[in-house]
Amino acid sequence: MFRNYFKIAWRNLLKNKVYSFINISGLAVGMAATIMIGLWITDELNYNNHFKKKDVIAQVYQSQAINGDVGTGPAIPRPLEFILREEYADNFKHIVMSSWEHPRYLKYGETNIYTKGNAMQEGGPEMLDLKIIEGVKDGLKEKNSIMLSKTSAKTLFGSDAAVGKIIKVNNLDDLIVTAVYNDIPENNSFNEMDYLIPWKYYVTKQPWLENAIDHWGNNSFQMFVQINENTTMEAVTSKIIDVKKNASVDEAEFNPQIFLFPMQDWYLRSDFENGVQSGGRIENVWLFGIIGLFILLLACINFINLSTARSEKRATEVGIRKSIGSQRGQLIFQFLSESFLIVILSFVFAIGIVLLFLNGFNNLASKVIVFPWTNIQFWLVALVFIIVTAFLSGSYPAIYLSSFNPVAVLKGAFNAGRYSSLPRKILVVTQFTVSIALIIGTLVVMNQIQFSKDRPVGYDKEGLIQIPVMSNEFIGKAEVMRTQFIASGGAIEMATTSSPTTNVWSNRSGYTWEGKPVGFQEDLAYTNVSYEFVKTLGAKIIQGRGFSRDFPSDSLGVILNKTAVEYMGIKDPIGKYIRDADTDVENREPPLKIIGVIDDIIMQSPYSPVKQSMYAFDNVGTASFYNLRLNPEKSTAKNLEIIKNVFKKNFPDTPFDFQFVDEEYGRKFSSEERIASLARVFTALAIFISCLGLFGLASFVAEQRTKEIGVRKVLGASISQLWLLLSKDFITLVVIALLIASPFAYYIMGQWLQKFSYRVSVGWDVFAIACFGALIITLITVSFQAIKAAIVNPIKSLRTE
């Protein structure tokens, strides 16, 4: 019986090739898009699945209240470790202090690489369950040891054994390789951790690290923990939440709250608003999940519309089947079998589409997704997916077609009714409502990105490069390097900074100034810079001046940005002083004289207000970056070649590494741009599927009205009049969809924009473009069939019966 159902279904597919093609291709594209979205969502949800202990691993976070605003982040003070170890050890299996991820120079023989890694305490490799392929897991036990990733070891030693070999770090210290671990996969935290060095080695390299041992206000470190099996994250947090406030009187005014942030939330739920977890990338997962379902729904609507539109052509078939004894249930199974056959064929084509475009999708989404051929769970989900799609797309046509009265049909008295086309019209409106809403949403996202890109950054980022100098061998050589870089003709100016131009690495408080409000809790972004900072960056001086070699007193000078002056409430700031608020006069730092105010420089998120910033003169000479303004009279390639030669002349054993500042700034938009790119692709697919269905309906309507068109032509109707006759109904449906989609999209995108402090408004132009685009697309889709029907010889049309 089932074999007969599918045999008849196959014959119907071959008999109606155009409609079959529209149905199969529409479903295939919809299913392919849904599968790719599903693979993307799975990859997002499986982030950090490499770590088997992720349910019991957490990072220690803290929230602090500054002038009523609560900020939350992973930066914690070093003394916290000792209290947790002494008073709360029963709650933890591992407590691991860690540096931030830092790039370092690793050298063995003639091979020298510049790569990223962390300094961690001994329990780090065990907690992260690193897969050791050579050496021992407790490879950080000795102070002068280093653990390497498989990629780093292969780059340095080739196929030779790595353990026991000595490598030079930052061309200064010799560390012995104690272990090699497998690279951490791409969709995991620590995936760029190409080496691990001991914490006790790290803290002896800089005096400030040693001094931070009892300084609760120095939030410069990370801490990772693994809780014991007999407790929970919430239980441990409830015990340690007030540790910092109770341990440090000075910090109590900020009401610091310590808590455990589980590894399973690091990637998807990392946003906090006023101290409360408020979402993150999980919002994009929900967004694209909904888009995937809508795209599949659009494809199913095509099938439903075309099946019910052709009901009259199958009415006779239904009447004959019923008259010879077919039950309604058998007819439903017959039509559902056609649906299943179409869906199965569509799924096969969908798999082909996915395989064809998966690499391009990976590039677009910045992923490394592979097709899960051997994943049984995927194929089980695919089976359910096929069954649900088949029932979703086939149930209504099957029930509708099987309901015809056989007597009325066979007498020729069958009439579908004046409202029979209403469900199809509703479905078409639904299709275009979704498509138009996606168009509006994509336009708003693109406008928001461009709006932020066009925001003045406060300096000239074109022709500016930064060279990382995070090694002691660079100390004291900045002036020599500046002289040589400028003399070489590759650069016209150079300045040093303690942070990259596109980020803030340090924040400070504990200052006082004339007119400071009582109880005011300041929080200033802090950067050490050299004399030529303003000139090199092309920053704009609003008041006063920049640092100058002509004024020796500038070594105790400071420059504020415009926001800092407003934030601190300083009127006529030039010449006024900012002092350390330390009550211990002997340890108090000298006062800093305000010598200039510069326009705001965007160093953090381009979507948020610029943070109040202080630029102090670098008296110690421990800058982290050389910032070079390239010579505009030479090509970029030539400038870089010259600069590299100067660099290698002074540091022959150090790899030459640099970043274009404009590219680094551009990376701040990468996440939103990926979302916009994916949205554009899926919007285009939604429009394509909707137009495919519209094309099929227009074709059917034109075929259905063939005789009417012939009569009208004989009576003198022009081609344009016939075109309007066949097009106006579809245009009306699209206009209705516009009226429904516009307010809905306006509300949703308005809510999305609320997360940006610096945001675009949803203007009328977005809706105008969406309206015009939808109407043009509809006209192009419908016009082909309308004009084709209008130009047919009326004699041929009238002979159709």
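Okay, here's what the table says:
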| item | result |
| --- | --- |
| Unique match (being modelled with pLDDT of 85 or more, surrounded by 21 or more Cβ atoms within 10 Å (Cβ to Cβ) and assigned by TED's automatic domain parsing to the domain that holds Ile37) among Ile301, Ile353, Ile295, Ile344 | Ile295 |
| Condition met for Ala786 (under 30 Å from Ser720 (Cβ atoms) and at pLDDT below 80) | yes |
| Region 61-103, subset in contact with a strand residue (DSSP E or B) (Cβ under 9 Å, 6 or more places away or on another chain) and either acidic (Asp, Glu) or not assigned by TED's automatic domain parsing to the domain that holds Trp208 (or both), residue modelled with the lowest pLDDT | Glu101 |
| Tally, over region 84-127, of residues that are surrounded by 19 or more Cβ atoms within 10 Å (Cβ to Cβ), touching a His at 6+ places or on another chain (Cβ under 9 Å) and closer than 22 Å to Phe658 by Cβ | 1 |
| Matching entry among Ile22, Ile37 (being modelled with pLDDT of 90 or more, touching a Gly at 6+ places or on another chain (Cβ under 9 Å) and over 30 Å from Gln206 (Cβ atoms)) | Ile37 |
| Filtered residue count, region 559-580, keeping only those that are out of contact with any Asp or Glu (no Cβ under 6 Å at 6 or more places or on another chain) and assigned to a helix (DSSP H, G or I) | 5 |
| Test: residue in region 110-118 that is without any contact (Cβ under 8 Å) to a residue 40 or more places away in the chain and closer than 21 Å to Leu172 by Cα | yes |
| Filter result (surrounded by 20 or more Cβ atoms within 10 Å (Cβ to Cβ) and part of a loop (DSSP other than H, G, I, E, B)) within region 128-173 | Leu128, Leu130, Gly139, Leu140, Ala162 |
| Residues within region 616-655 that are of a type in the set (A, V, I, L, M, F, W, C), outside any helix (DSSP H, G or I) and over 25 Å from Met603 (Cβ atoms), tallied | 1 |
| All positions within region 23-69 that are crowded, with 22+ Cβ neighbours inside 10 Å and of a type in the set (Ser, Thr, Tyr) | Thr34 |
| Qualifying residue in region 243-250 (condition: surrounded by fewer than 17 Cβ atoms within 10 Å (Cβ to Cβ), of a type in the set (Gly, Ala, Ser) and modelled with pLDDT under 85) | no |
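The values are calculated or read from the model by the stated rules, or taken from the named source; none is laboratory data. In this text, all values refer to a predicted model and were calculated from it rather than measured experimentally. For neighbour counting, all protein chains shown are included, and Cβ atoms are generated from backbone atoms with ideal geometry for every residue, glycine included.
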